[in-house]
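First up is the structure itself, then whatever we jot down about it.
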Amino acid sequence: MSVDVAAEINFQDQLVVDQNAAAALFMEARTANSWTAEEISDETLKAVYSLTRMGPTAMNIQPLRITWVRSAEARERLVSHMAQGNKGKTLTAPVVAILSYDTQWHEMLSTTAPHAASKASTFADNDALRHSMAEKNAHIQAGYFILAARAAGLAAGPMTGFDTAGVDAEFNADKQCKAFMVVNLGRPNGVIDRERLHRLDSDVATATV
Ligand SMILES: Cc1cc2nc3c(=O)[nH]c(=O)nc-3n(C[C@H](O)[C@H](O)[C@H](O)COP(=O)(O)O)c2cc1C
């Protein structure tokens, strides 16, 4: 690993999760481009969503929607919209998740945020605000999703290199959703095909005022 962890403070002493958890979620986990052939069960995918949904979103709006791509037919349709460099791994990953955001998340406010249900009509009337809240919060949820996958023993390969309009036409035509990320998932096979890229030091990326 090229990240100079030793140069940082001994952060392990500061954690409330054990070192194995920190390694599985952050320190040792890598973005994956290949996986073992093991099939990923529906139960494992449900566990991934069960963890993902617990991460916080603004007003608890939870705009993330997930389409699990399993069938060969659906896989072919998805791959046709992936960027050239993303086609091969999307074809071979044991399962693929299309992450979309619900543009009409306000319709569920009485369930997700009963205290704010009276604001639904305000959001209904403001497309720009509604879309920006959906996009922002779904991206936050995508981060939870990647870590949830790792917590369930999966290696994730997130990708934004694809034709979003094409994927929407194929998979979201009858939904009020917009695709923003595709994530390949499978069991880690131990193959590291590239060096870990540098992570910014805390004195570069953080400041105390
Ligand atoms: C939002 C997002 C979009 C990404 N898009 C692509 C992509 O289209 N194609 C690709 O090969 N990798 C893509 N990546 C992978 C990143 O390059 C990779 O996660 C990053 O370099 C960290 O790698 P590491 O986890 O092995 O340290 C994407 C990652 C994220 C989080």
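The values are calculated or read from the model by the stated rules, or taken from the named source; none is laboratory data. Here the structure is a predicted model, which is why all the values come from computation and not from measurement. Because the Cβ atoms are built from the backbone with ideal geometry, glycine has one as well, and the counts that use them run over all protein chains shown.
Structural remarks
- In summary, helices (runs of 4 or more DSSP H) completely within the stretch 1-90 and bearing 2 or more residues that are touching a helix residue (DSSP H, G or I) at 6+ places or on another chain (Cβ under 7 Å) and modelled with pLDDT of 95 or more occur at 42-52, 72-79.
- Residue list for the stretch 196-209, filter: farther than 30 Å from residue 70 by Cα and either near the ligand (Cβ under 9 Å from one of its atoms) or surrounded by fewer than 12 Cβ atoms within 10 Å (Cβ to Cβ) (or both): 197, 198, 199, 200, 203, 204, 205, 206, 207, 208, 209
- Residue 129 vs. criteria hydrophobic (A, V, I, L, M, F, W, C) and surrounded by 19 or more Cβ atoms within 10 Å (Cβ to Cβ): no
- Restricted to the stretch 94-168, the set of helices (runs of 4 or more DSSP H) holding at least 2 residues that are under 22 Å from the mean Cα position of the chain (by Cα) and either on the phi > 0 side of the Ramachandran plot or within 16 Å of the ligand (Cβ to nearest atom) (or both) comprises 127-151.
- Inter-residue pairs, beta-carbon under 7 Å, first of a type in the set (Phe, Trp, Tyr) and in the stretch 21-41, second within 10 Å of the ligand (Cβ to nearest atom), 6+ apart: 35/155
- Check on residue 173, away from the ligand (no atom under 14 Å from the Cβ), part of a loop (DSSP other than H, G, I, E, B) and not hydroxyl-bearing (Ser, Thr, Tyr): yes
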